[in-house]
Amino acid sequence: MSEKKVKSIQDLPGVGAATSEKLRNTGYATIMSIAVASSGELVEATGMGESVSRKAINAARDSLEMGFETGDQLLKKRKDVQKISTGSKSFDKLLGGGVESGAITECYGEFGSGKTQMAHILAVNLQKQYPGCEVVYIDTEHTFRPERIVDLAKGVKLDPNKVLKNIKVARAFNSDHQMLLAEKAQELIINGANIRLVIVDSLTGHFRAEFVGRGQLAERQQKLNRHMRTLLNMSGNYNVCVYVTNQVLSRPDMFFGDPTKAIGGHIVAHASTFRIYLRKGKKGSRVGKLVDSPNLPEGECSFMIVQKGLADL
Ligand code: GTP
Ligand code: MG
């Protein structure tokens, strides 16, 4: 077997252009997806021979170094973690420095609480702190505003045009499209794009609209689970910061329902590494609460949304 570095599925032994196309089309777009597939699955998906598929799987596994790591190796890896500032000192402190790479940060809260604002701010601040890095913005609610990016970029003294050029925006038309876009983002990274932040705003909007009623809940959760897996793998495998927004259960036309509970239930809650609950505070302020984190205490902070970004009170 060739010793050349396996970077994409086409580098796998026995996988040429046609087969790799078939693999991609049937959902085996990444080395990881092949490494965890059974040879029967690949045979069925592509019509490749049994022994070829086994070789491809083995090569994929070898290239991923799926072994164990020691605690000190992991501590060293933690030093590669990038933290994107929110622009507010108190919010950054609450988050242990900022929104982390290698993790999913979920931000949930009622309408107008600032979830989308935060997405815009992170897209700009990433570029302030790590020049040359790119952002993928999956917009499901048509609320991405380039004008807002211009304001925010000026606020941190960056050239707005350059900042906008480094944000790849895609509108997701439905939940399937949204899932596909997340996979595409991963593909771009695999192919060498310097994407360090992937935003999904909103994570649950399409799922909520398309799967109505109890009867469809299981199917919705299953799909959402698959989507979260894609995002989680992407964040972990490529040290990417994933920021997703989520709505809360209450609706303006409903008197019942806990306004502090997020959509998506356990699936989203468990897959998210950090969870932030945003709410409106007194006199137009906003309150951010860290609800879940693997290494930080729970806590709250207050700030204002202003033209330049976030401001401490
Ligand atoms: P939904 O998507 O509806 O669930 O809400 P969201 O949580 O995404 O809210 P979003 O981030 O869109 O916050 C909207 C709020 O941000 C507005 O109500 C404004 O108060 C504030 N905001 C947005 N742009 C500006 C701005 O340029 N200046 C100031 N001062 N505030 C702004
Ligand atoms: Mg929004």
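The values are calculated or read from the model by the stated rules, or taken from the named source; none is laboratory data. Predicted model, so just to flag it, every value in this text is computed and none were measured. FYI the Cβ positions are ideal-geometry reconstructions off the backbone, even for glycines, and counts take in every protein chain you see.
With respect to (1) more than 16 Å from ligand 2 (Cβ to nearest atom); (2) of a type in the set (Asp, Glu); (3) in contact with a strand residue (DSSP E or B) (Cβ under 9 Å, 6 or more places away or on another chain), the lone exception for Asp201 is condition (1). Is at least one residue of region 104-126 more than 12 Å from ligand 2 (Cβ to nearest atom) and either basic (Lys, Arg) or outside the structural domain of Thr204 (by TED's automatic domain parsing) (or both)? No, that holds for no residue. So Val212 ticks every box in (1) away from ligand 1 (no atom under 16 Å from the Cβ); (2) surrounded by 13 or more Cβ atoms within 10 Å (Cβ to Cβ) but one. Which box is left unticked? Failed condition: (2).
Looking only at residues in region 138-158 that are over 23 Å from Lys283 (Cα atoms) and within 12 Å of ligand 2 (Cβ to nearest atom), the one that is farthest from the chain's Cα centre (by Cα) is Arg145. Among the residues of region 1-60, those that are in a loop (DSSP other than H, G, I, E, B), of a type in the set (A, V, I, L, M) and surrounded by 14 or more Cβ atoms within 10 Å (Cβ to Cβ) comprise Val6, Leu12, Val15, Ala29, Val36, Ala37, Met48. Working only within region 255-313, note down all residues that are within 23 Å of the chain's Cα centre (by Cα) and on the phi > 0 side of the Ramachandran plot. If the condition is that a residue be within 23 Å of the chain's Cα centre (by Cα) and on the phi > 0 side of the Ramachandran plot, then Gly264, Gly265, Gly309 are the ones that fit.
If you go through region 193-228 and keep only what is in contact (Cβ under 8 Å) with a residue 24 or more places away in the chain, under 16 Å from Thr245 (Cα atoms) and in a helix (DSSP H, G or I), you end up with Gly205, His206, Phe207, Arg208, Leu224, Asn225, His227, Met228.
Looking across region 175-209 at every residue that is aliphatic (A, V, I, L, M) and farther than 19 Å from Lys165 by Cα, the one that is surrounded by the most Cβ atoms within 10 Å (Cβ to Cβ) is identified as Leu203. Are any residues in region 118-144 surrounded by fewer than 21 Cβ atoms within 10 Å (Cβ to Cβ) and within 10 Å of ligand 1 (Cβ to nearest atom), and if so, which ones? Listed by number, the residues that qualify are Glu141, Thr143. Exactly one residue out of Thr86, Thr105, Thr116 is touching a Ser or Thr at 6+ places or on another chain (Cβ under 6 Å) and either modelled with pLDDT of 95 or more or basic (Lys, Arg) (or both): that is Thr116. Restricting attention to region 81-93 and to residues that are surrounded by fewer than 23 Cβ atoms within 10 Å (Cβ to Cβ) and more than 17 Å from Val306 (Cα to Cα), the residue that is farthest from ligand 2 (Cβ to nearest atom) turns out to be Val81. Residues in region 94-117 that are more than 13 Å from ligand 1 (Cβ to nearest atom) and either more than 16 Å from Met304 (Cα to Cα) or among the small types (Gly, Ala, Ser) (or both): Leu95, Gly96, Gly97, Gly98, Val99, Glu100, Ser101, Gly102, Ala103, Ile104, Thr105.
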